[in-house]
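Taken together, the values in this text are just the output of simple stated rules run on the coordinates, not laboratory data. Since the model is a prediction, treat every value here as computed from it, not as a measurement. No Cβ is skipped: glycine too gets one built from the backbone with ideal geometry, and neighbour counts run over all protein chains shown.
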Amino acid sequence: MNFMNQAFLLAKKAQLHDDVPIGAVIVRDGKIIARGENRVQKSKNPTLHAEIVAINKACKKLNVKFLDDCDIYVTLEPCSMCATAISFARIRNVYFAACDEKGGGITSNAKIYESDRHLWKPNVIQMPEYAEESAILLKNFFAKMRKKN
């Protein structure tokens, strides 16, 4: 199963309710255990990014607070809030499609894992083969939103 493709399906689902098209899946032992898409607009809650939704579902499903034997696949580089949540959840590996020059919290902008203050530093793997797909999805979404407003 291609986990990043599953995250993209969730990103496309998010835009159906006018949320920024970002999706995330959490994988354990080669199986998806939790899925999340941005739900900020739908839920009127600024913290409900795809990663946070997926982390909450994974912790609930496994009845744990640490996901140190899990990986997360995200269609866009996590922001600082989500990167911190990933660190607090002790997720093993972060795979993401496209860098986020403006709001990225890992390789762009904040680079929070470069600080010694974080308790947990996941392995970070950018998957450039998916970057263009993510960029096109986001560009089309924001163009549509500008027209709508």
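Some points to look at:
- At least 15 Å along the helix axis (C-alpha) and Kyte average at least -0.5, DSSP helices within the chain: 3-16, 50-62, 131-148
- Charge dipole (Cα centre; +1 on Lys/Arg Cβ, -1 on Asp/Glu Cβ; no other charges) of the chain amounts to roughly 700 debye.
- HN-Hα J in Hz across the stretch 94-99 - Karplus 6.51, -1.76, 1.60, θ = phi - 60°, x for Gly and Pro: 10, 10, 9, 7, 10, 6
- Taking the Cα centre of the stretch 17-78 as origin and assigning +1 to Lys and Arg Cβ atoms and -1 to Asp and Glu Cβ atoms, the resulting dipole is close to 380 debye.
- Using alpha carbons only, the radius of gyration of the chain set against its Kirkwood radius gives Rg/Rh = 0.95.
- Pairs from the list K12/K61; K102/K148; K13/K139 with a Cα-Cα gap above 18 Å: K12/K61; K102/K148.
- Paramagnetic reach from N93 (point 7 Å along Cα→Cβ, amide N under 18 Å) across the stretch 112-132: 121-131
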